[in-house]
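Trainee: Provided herewith is a single structure, encoded as structure tokens, for subsequent inquiry.
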Amino acid sequence: MLNLTPYRRHNDAALFNPFRELEAFERSLFAPDTFASFRTDIEDAGDKLILSADLPGFRKEDIQIDVESDRLVINAERHSNYENKEGSYLRCERSYGSYSRAFSLNGINADDIHAAYENGVLRLELPKLQPTKPETRRLEIQ
């Protein structure tokens, strides 16, 4: 039978990088840990910001939202089932532990923040502070 070999115009020796594996290892060491935090989207909806955070597999009771002066801190914790059944798992790849993110509340009315959790997505409505006009007054000349 006839074997077809793809034609390559460039030399394969030029593509060889002996440090490729080492570079991939270095990226894995210094890349941000995707399991230590969760992904969020922040949308500008005019008079408010909408923060959507992906927290699949969490119960509502496992999520805490704290407002600390000018910061919003979201903490979530998930416990593992395999700790109780040490010998029965053949493979355990799901991540467990504490996850946390902090966001600045500059320009946000922290007293009117609303939160909802549905289908693994935490949704926060962050109303913007209304710009206040500086109060002007006219002085009488004496």
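Trainee: How do the pairs read when you match residues in region 25-46 that are of a type in the set (F, W, Y) and assigned to a loop (DSSP other than H, G, I, E, B) with residues anywhere that are surrounded by 10 or more Cβ atoms within 10 Å (Cβ to Cβ) and at pLDDT 90 or above, using Cβ under 6 Å and keeping only pairs 6 or more apart or on different chains?
Mentor: Going by the 6 Å Cβ cut-off, the qualifying pairs are F38/A53; F38/D54; F38/L55.
Trainee: Please name all residue pairs, on different chains or six or more residues apart, with Cβ atoms under 8 Å, provided the first residue is in region 109-131 and is assigned to a strand (DSSP E or B) and hydroxyl-bearing (S, T, Y) and the second residue is modelled with pLDDT under 95 and surrounded by fewer than 16 Cβ atoms within 10 Å (Cβ to Cβ).
Mentor: Partner pairs satisfying both residue conditions: Y117/K60.
Here's the yes/no breakdown for (1) surrounded by 13 or more Cβ atoms within 10 Å (Cβ to Cβ); (2) basic (K, R); (3) at pLDDT 90 or above:
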position: R20; (1), (2), (3): no, yes, no
position: E61; (1), (2), (3): no, no, yes
position: I65; (1), (2), (3): yes, no, yes
position: L72; (1), (2), (3): yes, no, yes
position: N84; (1), (2), (3): no, no, no
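The values are calculated or read from the model by the stated rules, or taken from the named source; none is laboratory data. Everything numeric in this text was worked out from a predicted model, so none of it was measured. With ideal geometry, Cβ positions are generated from the backbone for all residues, glycine too; neighbour counts draw on all protein chains shown.
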